[in-house]
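Everything below concerns the one structure shown next.
Readers should treat all values here as calculations from the given coordinates under stated rules, not as data from a laboratory. Keep in mind it's a predicted model, so treat the numbers as computed, not measured. Cβ placement follows ideal geometry from the backbone for every residue including glycine, while neighbour counts extend to all protein chains displayed.
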Amino acid sequence: MARFPLVAESEASDLLVVAVYNEIRQELGFGMVPNIFKSMAISPGLLRAHWDKFRATILRGSLPRTIKEMVGVLISRANGSVYACSVHLHGLSVLGVADEVLEMLVADWQNCPLPEREKDILRFGLLAGTDALRLTDADFAILRAHDLSDAEIFEIVATADLFASVNVYTDSADVEVDQLA
């Protein structure tokens, strides 16, 4: 059972919450506000901060949203975080990622039918999000050999940071997995 109330869109009365909900509904691409954000509405300023961080990290930048969401799925799966893994697998499906890729991402991501460049990004992101002290200069060199810029590598680290944080929050708050169609 969720440890914080979910503030439904129809129940939101704080103007900041209403504004953030409108942005989420329009920009996320799913036409709804996920439970993670509904559970943060009890603190409008922090809701704003978390949405802004999510938007800047996942919806913007040079790297494709799909690869960032895949990094999130791997980190969430490694951390045993059901909420983020479920929601972002659904998100990847909505974004057009093939079922075969989604199944392999969960079952055996290293043999997922993805280009080596993307697998190296996933490996790096997973390590950054679960055991960052094991990252080495060689790990960075692998990404640079794929012509990733420092800004793109930073996006991967920021994505790992975001999902590690999302896992801590959703697991601590016991956020209910959204009813996804």
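Using a ≥ b ≥ c from the Cα gyration tensor of the stretch 9-59 (square roots of the eigenvalues), is it rounded, prolate or oblate, where a/c under 1.5 gives rounded and otherwise the larger of a/b and b/c decides, a/b for prolate?
Working: a/c = 1.79, a/b = 1.24, b/c = 1.44.
Oblate, since a/c reaches 1.5 and b/c is not below a/b.
Using the Cβ-Cβ distance between Glu152 and Ser172 with R0 set to 25 Å, the FRET efficiency works out to roughly 0.25.
Farthest towards the positive end of the charge dipole of the chain, among the residues Leu59, Gln110, Ser39, is the Cα of Ser39, using unit charges on the Cβ of Lys, Arg, Asp and Glu. Remark: spin-label model distance Met1-Glu23 equals 3.3 nm, labels positioned 7 Å along the Cα→Cβ axis. With θ taken as phi - 60° and the Karplus curve 6.51 cos²θ - 1.76 cosθ + 1.60 applied, the whole-hertz 3J(HN,Hα) list for the stretch 127-139 is 5, 4, x, 10, 7, 4, 5, 8, 5, 10, 4, 5, 5 Hz, x standing for glycine and proline. Computed 3J(HN,Hα) for the stretch 149-164, one whole-Hz value per residue from the Karplus formula 6.51 cos²θ - 1.76 cosθ + 1.60 where θ = phi - 60°, is 7, 4, 5, 5, 5, 4, 4, 5, 5, 4, 5, 4, 4, 4, 6, 4, glycine and proline marked x. The label-point distance for Lys53 and Ala141, in a model that sets each label 7 Å from Cα toward Cβ, rounds to 3.3 nm. Gyration tensor analysis over the Cα atoms of the chain returns equivalent ellipsoid semi-axes of 29, 17, 15 Å (largest first, whole Å).
Taking a cut-off of 15 Å, what percent of all Cα-Cα pairs in the stretch 72-159 are separated by more than that?
On the way: 2315 of 3828 pairs.
Of the Cα pairs, 60 percent sit more than 15 Å apart.
Can you tell me how much longer the chain between Leu180 and Leu46 gets when fully stretched, taken as 0.36 nm per residue apart minus their C-alpha distance, in nm with one decimal? Mind showing how you got there, number by number?
Details: separation 134, 0.36 × 134 = 48.24 nm, distance 2.48 nm.
Contour length minus the Cα-Cα distance gives 45.8 nm.
Note that the stretch 41-53 has calculated 3J(HN,Hα) couplings of 5, 5, 9, x, x, 6, 4, 4, 4, 5, 5, 4, 5 Hz, one per residue in order, obtained from phi through the Karplus relation 6.51 cos²θ - 1.76 cosθ + 1.60 (θ = phi - 60°); glycine and proline are x. Please compute the contact order of the stretch 9-59 in relative form: average sequence separation of alpha-carbon pairs under 8 Å and at least six residues apart, divided by the residue count, as a percent. For the stretch 9-59, the relative contact order is 37 percent.
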